[in-house]
Amino acid sequence: MYKLLKLLSITLIGFSVATVSQANVRAEMNQMKTVAASLTNAKDITEFQASAKVLREIAQQSSEKKPSSISNDADFKGYQEGMKEFISALDEADKLAQEGNLDAAKTAAKKLFDIRNIYHKKYK
């Protein structure tokens with residue numbers, strides 16, 4: 001029951017992001033933080049993959065929006081490159097989960113926090 005509720009809450013976060021086209025990047029980044037944490041705390045592969053799917057959707061949407069802290073096209077391109085790197089690392093972790101290796105997937109997901117920290121220093 002707990003697992004079902006957790007998966008439902010992750011799915012609802014994803015739908016709320018998908019339906020709000022004018023959501024600001026800061027709110028999406030907060031959602032990304034929450035969902036990324038659920039990756040490293042996932043109890044099984046199904047939970048990990050559900051979180052990864054939602055996180056990928058949020059990251060993709062965020063990459064298309066210019067944060068208010070970015071004032072020029074060059075910085076926006078750099079921000080988008082950071083989001084591509086984030087999504088690529090997420091896809092790598094999800095691939096490990098698909099292969100049945102939850103522990104390796106969780107370890108790979110920790111790289112997401114490193115990428116976040118690097119790009120936050122540049123663009124936050």
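Every number here is computed from the coordinates shown, using simple stated rules; none is lab data. Keep in mind that what you see is a predicted model, and the values were worked out from it rather than measured. Note that each Cβ is placed from the backbone with ideal geometry, even for glycine, and that neighbours are counted across all protein chains shown.
Of LYS33/LYS84; LYS95/LYS122; LYS66/LYS106, which pairs sit farther than 23 Å apart, going by alpha carbon to alpha carbon? Walk me through the numbers on the way to the answer.
Details: LYS33/LYS84 16 Å; LYS95/LYS122 29 Å; LYS66/LYS106 29 Å.
Pairs exceeding the cut-off: LYS95/LYS122; LYS66/LYS106.
Distances longer than 15 Å among the Cα atoms of segment 47-124: what percent of all pairs is that? Don't skip to the answer; put the middle values down first.
Values: 1654 of 3003 pairs.
For segment 47-124, the share of Cα pairs beyond 15 Å comes to 55 percent.
Modelled label-to-label distance, LYS66 and ASN24, 7 Å Cα→beta-carbon offset: nm?
The two pseudo-label positions are separated by 1.6 nm.
Filter the cross-link list LYS43/LYS65; LYS77/LYS110; LYS43/LYS77 down to pairs whose alpha-carbon distance in this structure exceeds 30 Å.
Working: LYS43/LYS65 32 Å; LYS77/LYS110 24 Å; LYS43/LYS77 36 Å.
In this structure, LYS43/LYS65; LYS43/LYS77 lie more than 30 Å apart at Cα.
Using the Karplus curve 6.51 cos²θ - 1.76 cosθ + 1.60 with θ = phi - 60°, what ³J(HN,Hα) values do you get for each residue of segment 73-81, in whole Hz, with x for Gly and Pro?
Ordered by residue, 3J(HN,Hα) equals 5, 5, 5, 5, 5, x, 4, 5, 4 Hz.
Quote to one decimal, in nm, the extra length available between ASP73 and ASP91 on full extension: 0.36 nm per residue of separation minus the C-alpha distance between them.
On the way: separation 18, 0.36 × 18 = 6.48 nm, distance 2.66 nm.
Residue separation times 0.36 nm, minus the Cα-Cα distance, leaves 3.8 nm.
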